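Structure, as structure tokens:
We did not get these values from a lab; they are worked out from the coordinates using the rules stated. Bear in mind that the values here come from a model prediction, so they are computed numbers and not experimental data. For neighbour counting, all protein chains shown are included, and Cβ atoms are generated from backbone atoms with ideal geometry for every residue, glycine included.
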């Protein structure tokens, strides 16, 4: 009986004179909800991995396209100015963010 229900789940049934007639054990089956929890944890993990990959791709795209390329061009332009070289038009500057 102990493996089926905990002590708080067992009620002793007594007669009117106080003689124990038996016990009632109340238990519940939680296997379906435990399976649902495991399934939802797996789906949360999959969605999290997809979101991490999408966000990292977006960050790489933004950093390379909108931040690093203009900084590289500015560095080349400063090097040309410091070396007293003539400045040429910037190729691809129309793709830089404004």
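Using a Förster distance of 25 Å, how high is the FRET efficiency between residue 88 and residue 67, based on the Cβ-Cβ distance and rounded to 0.05?
On the way: r = 23 Å, r/R0 = 0.90.
Once rounded, the FRET efficiency stands at 0.65.
Considering every Cα-Cα pair within the chain, what fraction, in whole percent, is farther apart than 19 Å?
Value for the chain (Cα pairs over 19 Å): 73 percent.
Helix-only mean residue ellipticity at 222 nm, the chain, DSSP H runs n ≥ 4 weighted -39,500 (n - 2.57), per residue, nearest 500. What is it? Show your work: numbers first, answer last.
Numbers: 2 runs with 46 residues, N = 98.
Helix contribution divided over all residues of the chain: -16500 deg cm²/dmol.
Between residue 59 and residue 29, the FRET efficiency from the beta-carbon distance, with R0 = 41 Å, is close to 0.35.
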